[in-house]
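Note sheet for the following structure.
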Amino acid sequence: LNGALTIGTLDGANVEMMEEMGRENIFIFGMTVEEVEALEKKGYNSEEYIAKIPELRQIVEQIEQGYFTPDQPDLLKDISNMIRHHDR
């Protein structure tokens with residue numbers, strides 16, 4: 001549009017922008033509609049991803065252990081709880 005990097009997921013206005021600008025002019029991240037539907041059909045369990053992706057496991061454990069907030073180790077526990085138990 002104005003020379004700035006445009007980023008987004010494949011939903012809403014981003015789809016229309018991509019169609020107008022061309023895929024090479026927008027950075028798209030996240031799943032496609034088809035990928036979301038396939039995951040919903042298979043079932044989603046965040047613990048599977050945490051177990052098989054070492055970097056993800058490390059960051060979740062660091063959040064749980066208060067690594068980023070040593071003066072308030074429980075400050076970010078809600079984040080790890082959401083990732084482990086309520087992510088969808």
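Before moving on, here are some points about what is shown:
- Length gained on full extension, Glu20 to Glu47, computed as 0.36 nm times the residue gap minus the Cα-Cα distance: 5.9 nm.
- Coarse-grained scattering of segment 44-88 at q = 0.23, 0.25, 0.28, 0.33 Å⁻¹, given as base-10 log I(q)/I(0) from a Debye sum over alpha-carbon atoms: -0.74, -0.84, -0.96, -1.13
- Mean residue ellipticity (222 nm) of the chain, computed from DSSP H runs ≥ 4 via -39,500 (n - 2.57), nearest 500: -13000 deg cm²/dmol
- Unit Cα scatterers, Debye sum, the chain: log10 I(q)/I(0) for q = 0.26 Å⁻¹: -1.16
- Sorted on the mean count of surrounding Cβ atoms within 10 Å across their residues, most packed first, peptides 35-47, 61-73 read 61-73, 35-47.
- With respect to the chain, whose longest principal axis is taken over its alpha-carbon atoms, helix 33-42 is tilted by about 40°.
Since every read-out is calculated from the coordinates, none of them should be taken as a lab result. The structure presented is a predicted model; accordingly, all values stated were derived computationally and were not measured. Cβ coordinates were reconstructed from backbone atoms using ideal geometry, including for glycine residues, and neighbour counts include every protein chain displayed.
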